[in-house]
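Below is one structure; the comments refer to it alone.
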Amino acid sequence: MSTESKVALVTGASRGIGAAIAERLAKDGFTVVMNYSGNAALADELMQKIERDGGKALTAQADVSNPKAVRRMFDAAEAAFGGIDVLVNNAGIMQLSSIADADDANFDRQVSVNLKGTFNTLREAAKRLRSGGRIINFSTSVVGLKLENYGVYAATKAAVETLTAIMSKELRGRNITVNAVAPGPTATDLFLHGKSDELIARMAKINPLERLGTPEDIAASVSFLAGSDGAWINGQVLRANGGII
Ligand SMILES: NC(=O)c1ccc[n+]([C@@H]2O[C@H](COP(=O)([O-])OP(=O)(O)OC[C@H]3O[C@@H](n4cnc5c(N)ncnc54)[C@H](OP(=O)(O)O)[C@@H]3O)[C@@H](O)[C@H]2O)c1
């Protein structure tokens, strides 16, 4: 697949893994639509950096949990660039708590951003993505690790893995692949926030490569799945985690 003139929509591209994916796909030759929720300044800064480096990008504010906003974002991307080839469903939140202590707001917010948000963009992509397209969802290796306090978060991501497999079949005949990337602990706000240095160091050592993942490590997996070398991978979950599970 030549990435000349291909368009990639990356959700949650203002920070962390999504920002690294936007930069990487722009370097790979994609025109990148960078979604964000609240951090317009960060998204704009990254867009300018991508353009300085010779890439092409556009920012698009939308709370992915809002179906109308997601529809508007797809409309805007199509109006700007004529169509969408790649959807990267990276936007996500994590609120750790035991099941006993999780309150309704904690449960509802994680389900609405991680699961409904992914569903909202998948539904649009199913109707609109061009032939030869790619969809890359975001799960987590905690679906396999099943750590305490990750119950609600991991459950939303297990549901995303199920949507991934089923949608890969529903798109039969469209020449579009649907996969998920499931990172292990990766050095972003989402992972680092609220953890002690000691806990971070301990978690970094669990995998046999004995370090945290970087956003660029994860972006490399997305680049593979979005590019020509990923063409035969479909309906799979790629655990990008240094071997933690
Ligand atoms: N970091 C890890 O260790 C790890 C491990 C496994 C899986 N993951 C998954 O990887 C993905 C990226 O995580 P990260 O670590 O990069 O997180 P992060 O650093 O917290 O960044 C989250 C990104 O998602 C955006 N976002 C949050 N809620 C949104 C919403 N409702 N609508 C649109 N955008 C929204 C944020 O936008 P604003 O800046 O505008 O708020 C931000 O760009 C997530 O799906 C996460 O579950 C991460």
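What follows draws every value from the coordinates through simple rules; no lab data is involved. Keep in mind that this is a model prediction, so the values were computed, not measured. All Cβ positions, glycine included, derive from the backbone under ideal geometry; neighbour counts span all protein chains shown.
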Open item on the list: Could you work out the pair-distance distribution P(r) of the stretch 108-245 from its alpha-carbon pairs, with 10 angstrom bin width and percents rounded to whole numbers?
Closed with: 12, 40, 34, 13, 2, 0
TODO: Determine the gain in length on full extension of the stretch Ile99-Glu170; use 0.36 nm per residue of separation and subtract their C-alpha separation, reporting nm with one decimal.
DONE: 22.2 nm
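Could you compute the net charge surrounding Leu42? Neighbours are other residues with a C-beta less than 14 Å from the C-beta of Leu42; K and R count +1, D and E count -1.
-2
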- [ ] Treating the Cα atoms of the stretch 122-202 as identical point scatterers in vacuum, please give the log10 of the normalised Debye intensity I(q)/I(0) at q = 0.20 Å⁻¹, two decimals.
- [x] -0.90
Open item on the list: Only counting other Cβ atoms within 10 Å, I'd like Phe74, Phe224 sorted with the fewest neighbours first.
Closed with: Phe224, Phe74
Task: Near-label residues of the stretch 88-125 by backbone N, under 16 Å of a point 7 Å along Cα→Cβ of Arg72 - done: 121
Open item on the list: Starting from the 7 Å offset along Cα-to-Cβ, what nm value, one decimal, do you get for the label separation of Ala40 and Ala220?
Closed with: 3.7 nm
Task: Cα principal axis extents for the chain, largest first, Å - done: 47, 35, 35
Task: Partner aspartates and glutamates for Lys127 [C-alpha distance under 17 Å; skip if fewer than 8 residues away on the same chain] - done: Asp75, Glu78, Asp85, Glu170
Task: Dipole magnitude of the stretch 41-179 about its Cα centre (Cβ charges: Lys, Arg +1; Asp, Glu -1), debye to nearest 20 - done: 700 debye
TODO: May I have the pair-distance distribution P(r) for the stretch 1-113, computed from all Cα-Cα distances with 5 Å bins from 0 and rounded to whole percent?
DONE: 2, 13, 22, 22, 17, 10, 7, 4, 3, 1, 0
Open item on the list: Exposed loop sites here are GluC sites (Glu not before Pro) in DSSP loop states with at most 11 other C-beta atoms within 10 Å. What is the longest stretch of the chain lacking them?
Closed with: 5-147
Task: Listed pairs Lys6/Lys169; Lys49/Lys157; Lys56/Lys195; Lys116/Lys146; Lys6/Lys146 exceeding 27 Å between Cα atoms - done: Lys49/Lys157; Lys56/Lys195; Lys6/Lys146
